[in-house]
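Q: Have a look at the structure that comes next, please.
The values are calculated or read from the model by the stated rules, or taken from the named source; none is laboratory data. Predicted model only: the values in this text are computed from it and were never measured. Don't worry about glycine lacking a Cβ; one is built from the backbone with ideal geometry, like all the others, and counts go over all protein chains shown.
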Amino acid sequence: MNPSWIEYKGKSILYFDYRRVKDTLESLRILRKGFELIIRSDGNVLILQNFEGAVANDEYMAEVKTLGKTARDKVKKNACVGITGIKRLLLQAYVAFSGEKTLRTFETEEGAKEWLVQE
């Protein structure tokens, strides 16, 4: 599934749907398509990523880091759903340690959307 713009409470959110994606090439394709949309945007992008049942690996994470640098100034908030267990703890520790203000993890898409549209 390609990333797409969704509307929630009058705000546009770029939705990355990784649910149940187990193939690295498919994950990378979704990621790259989404970043094309981010880079073409005017900025202040709200992102919702759903990773329920998905698998990520080192190749995917390396690409996230590379692409993230190219679009950092265009992302206002980034909400992740479906990151569980140790991955969630590691991501939360990174967010706390790095002072990252734009990224949060959530249990549900609804909670993520609410946070994204808050001013």
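Q: Which ones in region 66-92 are in contact with a helix residue (DSSP H, G or I) (Cβ under 8 Å, 6 or more places away or on another chain) and part of a helix (DSSP H, G or I)?
A: Residues satisfying the conditions are Leu67, Thr70, Ala71, Lys74.
Q: Which of the residues belonging to region 1-40 are over 23 Å from Ala62 (Cβ atoms), β-branched (Val, Ile, Thr) and either out of contact with any Leu (no Cβ under 7 Å at 6 or more places or on another chain) or part of a helix (DSSP H, G or I) (or both)?
A: Ile6
Q: Right, something else. Of all residues in region 20-31, how many are touching a residue at least 12 places away in the same chain (Cβ under 8 Å) and surrounded by fewer than 13 Cβ atoms within 10 Å (Cβ to Cβ)?
A: 2
Q: Tell me whether region 93-115 contains one or more residues that are modelled with pLDDT of 80 or more, outside any strand (DSSP E or B) and on the phi > 0 side of the Ramachandran plot.
A: Checking region 93-115: not a single residue is modelled with pLDDT of 80 or more, outside any strand (DSSP E or B) and on the phi > 0 side of the Ramachandran plot.
Q: Going through region 42-94 one residue at a time, which ones are of a type in the set (Asp, Glu) and either in contact (Cβ under 8 Å) with a residue 40 or more places away in the chain or within 20 Å of Gly10 (Cα to Cα) (or both)?
A: Asp42
Q: Something else: Take region 42-65 and flag every residue that is among the hydrophobic types (A, V, I, L, M, F, W, C), outside any helix (DSSP H, G or I) and farther than 15 Å from Arg104 by Cα.
A: Ala54, Val55, Ala56
Q: In region 1-55, which residues are of a type in the set (S, T, N, Q) and closer than 20 Å to Gly82 by Cβ?
A: Within region 1-55, Asn2, Ser4, Thr24, Ser27, Gln49, Asn50 qualify.
Q: Also: Filter region 89-111 for residues that are of a type outside the set (A, V, I, L, M) and surrounded by fewer than 15 Cβ atoms within 10 Å (Cβ to Cβ) and give the result.
A: Result: Gln92, Tyr94, Phe97, Ser98, Gly99, Glu100, Lys101, Thr102, Glu107, Thr108, Glu110, Gly111.
Q: In region 44-56, what residues are surrounded by fewer than 18 Cβ atoms within 10 Å (Cβ to Cβ) and under 15 Å from Leu116 (Cβ atoms)?
A: Once the filter is applied, which keeps residues that are surrounded by fewer than 18 Cβ atoms within 10 Å (Cβ to Cβ) and under 15 Å from Leu116 (Cβ atoms), region 44-56 yields only Asn44.
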